[in-house]
Amino acid sequence: MHHRRRFMLDVMASVLSSAPLAAHAAAVPTYDEAARATWRHTDKSLTEKSALQRELVHYATLAPSSHNTQCWKFKLEPQSITIVADLARRCPVVDPDDHHLYASLGCAAENLVQAAAANGLRGDVRFDLAGQGAVRVELDAAPAMRSPLFEAIPQRQCTRGEYDGKPVSVEDLKRLEKAGMGNGVRVLLFTDRPKLDGVLEYVVQGNTAQVNDRTFVDELKAWIRFSESEVLDRRDGLYARSSGNPTLPRWLGSRVFNLVFTAKAENKKYVKQMRSTAGVAVFVSETNDKAHWVEAGRCYERFALQAAALGIRNAFLNQPVEVAALRPQFASFLGIGVQRPDLIVRFGRGPALPPSLRRPVEAVLV
Ligand SMILES: Cc1cc2nc3c(=O)[nH]c(=O)nc-3n(C[C@H](O)[C@H](O)[C@H](O)COP(=O)(O)O)c2cc1C
């Protein structure tokens, strides 16, 4: 049965990839062109304030976000940029308390701070509790500093493929740990097999619960971009090729997804991925509130940028922290008492996958 499904998928992919894409008229960029225009450094020095601020927002949007919802809006002010949640882009099923949404804002804030420093601005990040809460980045003049983390922004991606199974050196682990520590948030690194197998058991339990939940699957599907034209049109969501899958028109991709997206197939994939993994990082908040979720996002983003700078890839395995009933059990497996495990990440070396896209700066300004 599994082979029949795989065969169907391969046949459909090859038929479709050989068909001429008439819809792509000259003015529409190809996916490769859009990806190149997205994942780039600034090619000129920017002195005019509003142009510089827009470029800082571009860097911020290169941050990861849950399901690539890009759940952020940016408010430009003379001495600051405020990042507010775009609640229209919430994921109420997988993220009912908006934990991932605020962690995503933290990831964007960290990119903004790194890019500001490279452009002679020191960014001071505060969580503003008023209203739904916002992340305010005050910008003050400072000597320009292009850090290795800043240099790595266009290289970073969440790489959902298999890694090479080789360990990461002790020096590199130390660098990752240092990058991932924050204010009221710490990172725990695991590299021993029995512990990784223990994490995998929780991933499998969480994944089984999620895949068997119709509402979870429907929400996930709504964020999948099955075809190149769909991803070029929307510039958000989970592009099929970025997860190592073939592109298909939505009507067909959606049907194939229903056939192949099973708990058994997904769990098998996670077992293989975990076997190829050098280690797992878990980010833990001291206090379970929005300010700490933002801080957890900042810590994760520094970790991911440091990893990219060292040629190390990473991908999330968040099922044990997303399934609320599993989270306390996972916390006691980690031995962290009542503290909240925020994010779970595997890391190792391996090939890149096609990058996801981003919406343009104009679309995310308030
Ligand atoms: C808070 C947060 C939670 C995430 N959870 C998952 C997850 O559970 N599984 C996964 O494969 N990716 C997860 N992602 C990764 C996003 O899907 C990814 O960042 C997005 O698709 C954009 O891709 P990029 O990071 O490669 O640019 C998460 C990202 C963030 C910021």
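The values are calculated or read from the model by the stated rules, or taken from the named source; none is laboratory data. What you see is a predicted model; the values in this text were computed from it and never measured. Quick reminder, even Gly has a Cβ in these numbers, built from the backbone with ideal geometry, and neighbours come from all protein chains shown. Heads up: the accessible areas ignore ligands, DNA and RNA and are worked out on the full protein's heavy atoms, side chains in. Shrake-Rupley method; radii C 1.70, N 1.55, O 1.52, S 1.80 Å.
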| Within segment 123-135, is there a residue that is farther than 16 Å from R298 by Cα and in contact with a Leu (Cβ under 6 Å, 6 or more places away or on another chain)? | no
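Residue by residue, here is whether (1) farther than 16 Å from D98 by Cα; (2) surrounded by fewer than 22 Cβ atoms within 10 Å (Cβ to Cβ) holds:
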{"residue": "L317", "(1), (2)": "yes, no"}
{"residue": "E322", "(1), (2)": "no, no"}
{"residue": "A325", "(1), (2)": "yes, yes"}
{"residue": "P328", "(1), (2)": "yes, yes"}
{"residue": "A331", "(1), (2)": "yes, yes"}
{"residue": "G335", "(1), (2)": "yes, yes"}
{"residue": "R346", "(1), (2)": "yes, no"}
{"residue": "P355", "(1), (2)": "yes, no"}
| query | Name the pairs: first residue in segment 227-248 and open to solvent by 20 Å² or more (accessible area, probe 1.4 Å), second residue hydrophobic (A, V, I, L, M, F, W, C) and within 12 Å of the ligand (Cβ to nearest atom), Cβ to Cβ under 7 Å, at least 6 apart or on different chains? | reply | R235/L357; L238/W223; L238/I224; G244/L353; P246/A240; T247/A240
| said: Among the residues that make up segment 199-222, is at least one of them within 28 Å of T38 (Cα to Cα), assigned to a strand (DSSP E or B) and within 13 Å of the ligand (Cβ to nearest atom)? | reply: no
| field | Single match in P148, P143, P154 (criterion: of a type outside the set (S, T, Y), away from the ligand (no atom under 13 Å from the Cβ) and either in contact (Cβ under 8 Å) with a residue 60 or more places away in the chain or buried (at least 24 other Cβ atoms within 10 Å of the Cβ) (or both)) | value | P148
| request: Determine if segment 117-125 includes at least one residue that is within 17 Å of V364 (Cα to Cα), touching a strand residue (DSSP E or B) at 6+ places or on another chain (Cβ under 9 Å) and surrounded by 19 or more Cβ atoms within 10 Å (Cβ to Cβ). | output: no
| Of all residues making up segment 31-52, the number that are surrounded by 15 or more Cβ atoms within 10 Å (Cβ to Cβ) and either small (G, A, S) or farther than 21 Å from L76 by Cβ (or both) | 4
| Within segment 125-134, is there a residue that is outside any helix (DSSP H, G or I), within 16 Å of the ligand (Cβ to nearest atom), touching a residue at least 12 places away in the same chain (Cβ under 8 Å) and acidic (D, E)? | no
| said: Among the numbered criteria (1) away from the ligand (no atom under 15 Å from the Cβ); (2) in a loop (DSSP other than H, G, I, E, B); (3) surrounded by fewer than 19 Cβ atoms within 10 Å (Cβ to Cβ), which one does V168 miss? | reply: (3)
| request: Among the numbered conditions (1) of a type outside the set (K, R); (2) under 17 Å from L317 (Cα atoms); (3) open to solvent by less than 50 Å² (accessible area, probe 1.4 Å), tell me where E201 comes up short. | output: (3)
| How many residues are open to solvent by 50 Å² or more (accessible area, probe 1.4 Å) and touching a helix residue (DSSP H, G or I) at 6+ places or on another chain (Cβ under 8 Å) when one looks only at segment 210-225? | 1
| task | Test L176 against the criterion of being more than 16 Å from the ligand (Cβ to nearest atom), at pLDDT 95 or above and surrounded by 22 or more Cβ atoms within 10 Å (Cβ to Cβ), and give yes or no. | result | yes
